[in-house]
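Peer 1: Before anything else, here's the structure in question.
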Amino acid sequence: MKNRITSLFNIEYPLIQAGMIWCSGWELASAVSNAGGLGIIGSGSMYPEILDEQIQKCKQATDKPFAVNLPMLYPDIDKHVATIIKHKVPIVFTSAGNPKTWTKHLKEHGITVVHVVSSVKFALKSQEAGVDAIVAEGFEAGGHNGKDETTTFCLIPMVAEALDIPIIAAGGIGNGAGMLAAMNLGADAVQIGSRFVASEESSAHINFKNTVVQAKEGDTILTLKEITPVRLIKNAFYSQVVEAYNECKSVEDLVTLLGRGRAKKGMFEGDLEEGELEIGQVSGLIHKILPAAQIVEEIVNDFKTALAAQNTNEKFKF
Ligand code: NDP
């Protein structure tokens, strides 16, 4: 396939694997890139020397382009940026912060920059900041998300109406039909996270992968908006959050309840009770842990089938 995004990233399919803390290291990123998509290393959970090592391993595992996701909340961000530049990583996805902060610097070093947003307002700010493309992420998405609860179905056409630069849709997309729907709404590509959590190459704990596969519609919720909104599985930790809300606890109390390293505990160490299990609504559509290359192939094949069906299916006939 050839479009603005495949040309921008020099990839085969407009299918991007989301950079996810504790889940997307070099094994997943290189597997997705080798399969024709764009793999992303999620640097938010990596100490600087770990990111350095992960980039080197990714480069050894693939000749194809790959990216690093850089959450601006990361405490040692300067070190991560220096590592990315040192290793000549071609593409960076920035998130959770102001797109003006790092775009110019990264672009001066020849890096393609994409910023993740959840509203038209921040999409426009990103375009003004000079990014090459944006990820527009809807309410359905797993992990950290916008407060406004705008669904992907509404967000993508609104962003497409407002922007000139390429748009990557994220949130609620887990198969080829979803990919086609997002592109019909105005996206140039899709970013998929949850589906790749349940891949063989994801660094998520097997307990978390199994939980994703077993998750049903209604098992996730967007919560903790007072701190950083996050979509997660309703587990014992979430019950404690509900209790805190019922008792009208303060934001400080919520921060104390969350504590440090909840995401690591849940997603990396596999503590299904006390950990934070960040995953999207689309988990209800994920039924198997598969190799990443097979996930890419299935999505692309489903996409082609769904595209062909638009022209032949009875329900689309006038
Ligand atoms: P916490 O504050 O609860 O824990 C920090 C975690 O990050 C720890 O588990 C720690 O690992 C790890 N870590 C990696 N590098 C560093 C470092 N240089 N200093 C301190 N800790 C580090 O944060 P969360 O688990 O909720 O979030 C982790 C990261 O995810 C954040 O630092 C941020 O970068 C990112 N994030 C991204 C968001 C987004 O929208 N993309 C939103 C919110 C957070 P260890 O336990 O081994 O010490």
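The values are calculated or read from the model by the stated rules, or taken from the named source; none is laboratory data. Since this is a predicted model, take the numbers as computed values, not measurements. Methodologically, a virtual Cβ is constructed for each residue, glycine included, from the backbone with ideal geometry; neighbour enumeration extends over all protein chains shown. Ligands, DNA and RNA are stripped out before the accessible areas are found, and what is left, the full protein with its side chains, is counted by its heavy atoms. Shrake-Rupley method; radii C 1.70, N 1.55, O 1.52, S 1.80 Å.
Peer 1: Out of the stretch 245-267, which residues are more than 11 Å from the ligand (Cβ to nearest atom), open to solvent by 10 Å² or more (accessible area, probe 1.4 Å) and not polar (S, T, N, Q)?
Peer 2: Selection gives Y245, E247, C248, K249, V251, E252, D253, L257.
Peer 1: Within the stretch 140-153, identify whether any single residue is part of a helix (DSSP H, G or I), acidic (D, E) and open to solvent by 50 Å² or more (accessible area, probe 1.4 Å), and answer yes or no.
Peer 2: no
Peer 1: I'd like to check something: does the stretch 254-265 contain any residue that is within 18 Å of the chain's Cα centre (by Cα) and not in a strand (DSSP E or B)?
Peer 2: Yes.
Peer 1: Conditions: (1) touching a residue at least 24 places away in the same chain (Cβ under 8 Å); (2) more than 30 Å from K234 (Cβ to Cβ); (3) within 16 Å of the ligand (Cβ to nearest atom); (4) open to solvent by less than 20 Å² (accessible area, probe 1.4 Å). V113 meets all but one. Number of the miss?
Peer 2: (1)
Peer 1: Looking for whichever is in a strand (DSSP E or B) and under 16 Å from the mean Cα position of the chain (by Cα) here; the options are I21, I41. Which one fits?
Peer 2: Answer to the selection: I41.
Peer 1: Sticking with this one: Does the stretch 51-101 hold any residues that are assigned to a loop (DSSP other than H, G, I, E, B) and within 16 Å of the ligand (Cβ to nearest atom), and which are they?
Peer 2: M72, L73, Y74, P75, D76, A96, G97, N98, P99
Peer 1: Does E273 fit the bill of being touching a residue at least 12 places away in the same chain (Cβ under 8 Å) and in contact with a helix residue (DSSP H, G or I) (Cβ under 7 Å, 6 or more places away or on another chain)?
Peer 2: yes
Peer 1: I'd like the full set of residues that are touching a helix residue (DSSP H, G or I) at 6+ places or on another chain (Cβ under 6 Å) and more than 23 Å from L73 (Cβ to Cβ), limited to the stretch 211-239.
Peer 2: The answer is V212, A215, K216, E217.
Peer 1: Kindly check whether there is at least one residue in the stretch 1-9 that is at pLDDT 95 or above and in contact with a Lys or Arg (Cβ under 9 Å, 6 or more places away or on another chain).
Peer 2: Taking every residue of the stretch 1-9 in turn, none turns out to be at pLDDT 95 or above and in contact with a Lys or Arg (Cβ under 9 Å, 6 or more places away or on another chain).
Peer 1: Can I ask one more? Output the qualifying pairs, or none if there are none: Cβ atoms under 9 angstrom, residues six or more apart or on different chains, first residue in the stretch 193-220 and within 17 Å of A29 (Cβ to Cβ), second residue aliphatic (A, V, I, L, M) and open to solvent by 60 Å² or more (accessible area, probe 1.4 Å).
Peer 2: S194/L285; R195/L285
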